Amino acid sequence: MGFLDVLRGRRDLKKPAPDRLFAMTTAYVTLEMSLSLKTTGRAAIVFQQLDTADFARLAREMQELIAATTQEAGTTVEARDDEFGYRWMVLVDPDFDDLVTGLSAIGGELELGGYGDRILAAVFPFEDAEKRHVYWIYNYKRGAFYPFVPASGDKQRDNTRELRLKAQMEGELPIEPELERWFPLWGAPV
Amino acid sequence: MPPPRKIGRDPGLTARMTLTLFLLGALYVVLIVALLAAGVGAVFVALIAGGLLLAQLFTSDKLALHAMGAREVSPQEAPELHAMVERLCVQADLPKPRVAVAQTAMPNAFALGRSPKSATVCATTGIMELLSPAELEGVMAHELSHVQNRDVLVMTIASFFATVAAYIVQFGFFFGGGDGDDDNAGFLVLLLVSLAVYALSFFLLQALSRYREFSADRGAGVITGRPSALSSALMKIAGTMDRIPERDMRAASELSAFYIFPPKVKSVLGSLFSTHPPLEKRIEKLSQLESQLQGRLTQA
């Protein structure tokens, strides 16, 4: 935002950054081989729902379209709404590449419909050898990934592990440099 | 069919705000000229003014939080509020501000801090009980818009010289200009100029504050995509503001610019004196935005 925009109090939503979602496809090799983080076979994209007629229509059409196109790859899609009024499209597929492709297709549909600025994030859950969950979150506005590792205890994060993951994956993934933007997503339905 | 990528702007609002800023700037030039003409050293003026401005920018948020009886809360203490603010921040592309809660039944919310990185958003326990989640989201988005527009910084700088003028006026009344003969006339002129600057800037600042309020309402509607939720929140807050007595409102008056609702809703002495636009106007603007949102399909 420029200086003049600040003075004039202008407001537009930031458009999604250039899509770097597919960086996850190649990074998964390292995640699996070197860090023994395995996909849980699920991934999700979360976006804001608008109470407008054409948005409702778009969401319905998108869901049908995605269901049809991902069926060939054996991916199933389900829609969930969380308590904050955001819509989660959860994909289930044992093949990781198909998950990334599916998420990208949904993002593309939303953008085509003119609602790309309503997408918040894509969420990739992984499991380590001890069956603990580790999330990689992709922020669409920033075009960057960051790790999110819930720790035991109420709404606690394992910051040590998150920072280690950042160091381990820096070469492979575009990582969000500002730590204040590593927003957690508690209770993600994936 | 590429739909319109932007929710319509409000060029009239931008124009009015720019004009107000310009007039305020012109007024301050007059004050500076008067100060220099009265024989006050230029370096001295610049040093004192700069020092005061910095002090105000760096300490005011902590003082204000303290004055409101607000306390920063951790994600464990207020998980819903934190999660709500986090999602809005992703949507608005802002770093996460500190989140504070004030223990008071008065339904209100405000934003503090000179930059998005040092910002704090605060809600009262009253507002969290009163509003539905969607309405509270609208209110928090309004506060985050203030953060994004850097309204604390803009208003602090804009009102700074008005404060200086006010000091000069007070000083003049207390000391009656001293005892030098030559200085006396000069000082009297300075006193009069300061008085005029103070009076005029007061009205300009109130107008500016109202425009920033409209901007923040609009920003909130764009961020949440639900302008109507903010409308209904404003109406709910207005309903209770009249009934609940003003108990805990000891904060300095310039702070009131960043409340979602001004602490005093008086039978107005003319809207000129108000830091916030009247409720009907705000709701009217929000419903215009709502129709723009709803009309995206037909526009395309």
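Every number here is computed from the coordinates shown, using simple stated rules; none is lab data. All values derive from a computational prediction rather than experimental measurement. Note that each Cβ is placed from the backbone with ideal geometry, even for glycine, and that neighbours are counted across all protein chains shown.
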DSSP loop GluC sites (Glu not before Pro) in region B:65-108 with at most 14 other Cβ atoms within 10 Å of their Cβ, which ones?
B:GLU77
What nm distance separates the two modelled labels at A:THR160 and A:GLU130, each placed 7 Å from Cα along Cα→Cβ?
1.0 nm
On average, how many beta carbons from a partner chain sit within 10 Å of the beta carbon of a residue in B:91-103?
3
Within the under-11-Å Cβ sphere about A:ALA151, not counting A:ALA151, Lys/Arg +1 and Asp/Glu -1 give a net charge of +1
Using the Kirkwood radius over Cα pairs, work out the Stokes-Einstein diffusion coefficient for region B:3-147 at 4 °C and 1.567 mPa s, in µm²/s as a whole number.
71 µm²/s
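FRET efficiency for A:ARG80 and B:THR18, Cβ-Cβ distance as r, R0 = 51 Å, nearest 0.05?
With R0 = 51 Å, the Cβ-Cβ based efficiency is 0.65.
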Which residue fluctuates most in the GNM of chain A (Cα springs below 10 Å): A:GLY108, A:GLY171, A:GLY116?
A:GLY171
Sticking with the crude label model, points 7 Å out along Cα→Cβ, report the distance from A:ALA167 to A:LEU35 in nm, one decimal please.
1.3 nm
Count charges around B:VAL99 for me, please; just the other residues with Cβ under 12 Å from its Cβ, Lys/Arg as +1, Asp/Glu as -1.
-2
Cβ-based charge dipole, chain A, positive-most Cα from A:MET169, A:PRO94, A:VAL29
A:MET169
Test of understanding: in a Gaussian network model of chain A with alpha carbons linked when under 10 Å, which of A:GLU180, A:GLU172, A:GLU109 would top the mean-square fluctuation ranking?
A:GLU180
Sorting A:TRP88, A:TRP182 on the 10 Å Cβ count, fewest up front, what's the list?
A:TRP88, A:TRP182
